[in-house]
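Heads up, the thing below is written out as structure tokens.
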């Protein structure tokens, strides 16, 4: 960032201080969106206001340390924290956050079923769990639950949004889990999704602030939007986000959410187009997506590599890919070459381990494991995420003699904490490195989410951006 505001920031500060209009800041990658909200907070003085961040990391960054970035009179919290407090005020019991709530409810519901029915439903556990989570993100309430007529989406439209829906039996279980989950939430037993779902759809008293500032507006799901709507009935809203960084559609984020929000609140749109992170070469390479993107400094490089020797990768570089399987392959090559790695993704590891452990006894031989993986994948033929998971499973199975060794291999990899960072594009959002290697860029297709993901990956670099195919990576120099 510069020491003084840019012309764009000055225009935003003028609109924030001299008008009462709701504002939406269109902030491209690395343009100082959070810092601009900080400038607004400073310019508006000591009046109480609320700053809503998307995750705890931002809350910590804005409020902790020797020099907090927000005024003491500005309350800073996540959407989940806000929803938690609203729901706590709506019911008498003390809330208990139960991260295993959906799993425990699932186990209770299937207890009376036969062994064959139970086995079949366990094989669908990932799809059922995802269905329940997305139901809460989209605001679906099953019939028979309290206030089901207030749902934000009907069953048919919700079902159409699922990439890999459960079977009819699995859907019935998911609906039963939702009904039970709502009842448990009224008694104080909630999970992270309930922190948003329950206050947005089932009631609670929302605090009132003259001004609410929302960061990462492009990532809001329908239930997030409903929470903000209830919060800002009498409040001025200033939101900031990058529509081209909307990449979380798979977990419920609305692809056109910023446009919908702008219309709903009659917001004035103001740009933040000058990137302080990305030098000119990186910015020019991303203008195909963000035409108004500009660079604060010259320099950087964009390189399409025909080959890559692993020894050439500098420490603290990042390797980013759309899918997990090529990353795991690169990680194993790096480890075999004596390099240290760190794998991002607290969710993919447990998911792989869950699938592997359900394939059979740990003594299962490699050929038998590979056949079991094919059987697992065949039951999910239309799922892109299942295809990637199956590729990951095959990779670990092919490098192991038994199922037990494959499980140990996954556990070992996710315990690593090294100097070369491997991440999917989704996990890399919000982060930056001097050198970024985009692995297998051809995996990205031309739908809106993947176009945005290409933009996100290409703007993680603060200096050098490389594209390379997995097949052109070598552990030995030419």
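Values quoted throughout were computed directly from the atomic coordinates according to the rules given, and no laboratory measurement underlies them. Given the structure is predicted, the values throughout are model-derived calculations rather than measurements. All Cβ positions, glycine included, derive from the backbone under ideal geometry; neighbour counts span all protein chains shown.
Taking the number of Cβ atoms within 10 Å of each Cβ as an exposure proxy, the fewest-first ranking of 320, 177 is 177, 320. Across the stretch 301-474, Cα-Cα distances exceeding 29 Å account for 20% of all pairs. Label separation (residue 14 vs residue 432): 2.7 nm, computed from points 7 Å beyond Cα along the C-beta direction. Each part reduced to its alpha carbon centroid, the stretch 23-49 and the stretch 257-278 end up 12 Å apart.
Output the relative contact order of the chain, whole-number percent, from Cα pairs under 8 angstrom with separation of 6+ residues. It rounds to 18 percent for the chain. Between residue 442 and residue 276, the FRET efficiency from the beta-carbon distance, with R0 = 45 Å, is close to 0.90. Equivalent ellipsoid of the stretch 96-187: semi-axes from √(5λ) of the C-alpha gyration tensor, largest first, are 20, 17, 11 Å.
Test of understanding: what is the full-extension gain from residue 123 to residue 256, defined as 0.36 nm times their sequence separation minus their Cα-Cα distance?
Full extension of this stretch gives 44.5 nm more.
Spin-label model, residue 263/residue 314: points 7 Å from Cα along the beta carbon direction are separated by 4.6 nm.
Compared with the direct C-alpha span, the chain from residue 398 to residue 108 gains 100.8 nm at full extension, assuming 0.36 nm per residue. Once the C-beta distance of residue 205 and residue 371 is scaled by a Förster radius of 45 Å, the resulting FRET efficiency is 0.20 to the nearest 0.05. Ordering of 419-425, 230-236 by packing is 419-425, 230-236, highest average first (other Cβ atoms within 10 Å, averaged per residue). In plain terms, the chain from residue 234 to residue 155 could stretch by 25.3 nm, reckoned as 0.36 nm per residue minus the Cα-Cα distance. Computed from the C-beta positions of residue 363 and residue 419, the FRET efficiency with R₀ = 45 Å rounds to 0.80. Take every pair of alpha-carbon atoms less than 8 Å apart whose residues are at least six positions apart; their mean separation over the length of the stretch 96-187 yields a relative contact order of 37 percent. Look at 180, 36 and count the other Cβ atoms within 10 Å of each Cβ; fewest to most, that gives 180, 36. Here the stretch 106-142 and the stretch 361-378 have alpha carbon centers that stand 24 Å from each other. Think of it as helices only: each DSSP H run of n ≥ 4 in the chain is worth -39500 (n - 2.57), and spread over all residues that comes to -13000 deg cm²/dmol at 222 nm. Using alpha-carbon positions, what is the distance between the centroids of the stretch 395-417 and the stretch 334-356, in Å? Cα centroid to Cα centroid, the span is 9 Å. Computed over the stretch 252-363, relative contact order equals 14 percent, with contacts defined as Cα pairs under 8 Å that lie 6+ residues apart. When 379, 75 are sorted by how many other C-beta atoms sit within 10 angstrom of their C-beta, beginning with the fewest, the order is 379, 75.
Site pair residue 148 and residue 469 shows an inter-label distance of 5.3 nm when each label is modelled 7 Å from Cα along Cα→Cβ.
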